[in-house]
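Here's the structure, in structure tokens; my notes come after.
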Amino acid sequence: MEFIEIKTRPQLEDTFEILKELVPELKKENFFESLNHDLMKNQKLFGITSSGKLVSVAAVWLLMNGLLEKFLWIHAFVTTKGERSKGFGQKLLLELEKYADREKFNEIRIHAHRERAIAFWENNAKFELFSHVYRKKIELK
């Protein structure tokens, strides 16, 4: 297993395919266009490879609040279907924790709403629930 920062076009192609398992409505052209958007400058993509093949992906935002606390916000975290429950997610999270420590982040946060994901974050990863997220969709005109 190898931890990588995803940067090359072939890695990004593989990343798209894995993220599509998490977000089936994700469109390739939107994914690639978003990578160059100003609002994504604080995003990084990380992954775990096995035998040279990308199997697990995390998309994170590097954020800071008004108290100068830095936090790494995981907004996508997925292992490809055929490789789940083999420890790749645990390895990816461990490497993200090491990265956050090296870069002096105060904490790691994630929003989870799927039952299996909630169980992973609470039981396996030992994350604690600390807030509720509310949203209101804006209909674009």
| message | Shape verdict for the chain, please, from the Cα gyration tensor: rounded (a/c under 1.5), prolate (a/b greater than b/c) or oblate. | response | rounded
| Which helices, taking whole DSSP H runs in the chain, have alpha carbons extending 18 angstrom or more along the helix axis plus mean Kyte-Doolittle at least -1.0? | 9-22, 88-102
| task | Would you mind ranking S131, S50, S56 by Cβ crowding within 10 Å, fewest neighbours first? | result | S131, S50, S56
| field | Beta bridges per DSSP with both ends in the chain, % antiparallel, nearest 5 | value | 85
| remark: Any GluC sites (Glu not before Pro) in the range 25-88 that lie in a DSSP loop and have at most 11 other Cβ atoms within 10 Å would be E25, E69
| query | In the range 1-77, which trypsin sites (Lys or Arg not before Pro) fall in coil by DSSP and have 16 or fewer other Cβ atoms within 10 Å? | reply | K7, K27, K41
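Only the coordinates and a few stated rules stand behind these numbers; no lab work does. Keep in mind that this is a model prediction, so the values were computed, not measured. Every residue, glycine as well, gets a Cβ built from its backbone with ideal geometry; the counts of neighbours run over all protein chains shown.
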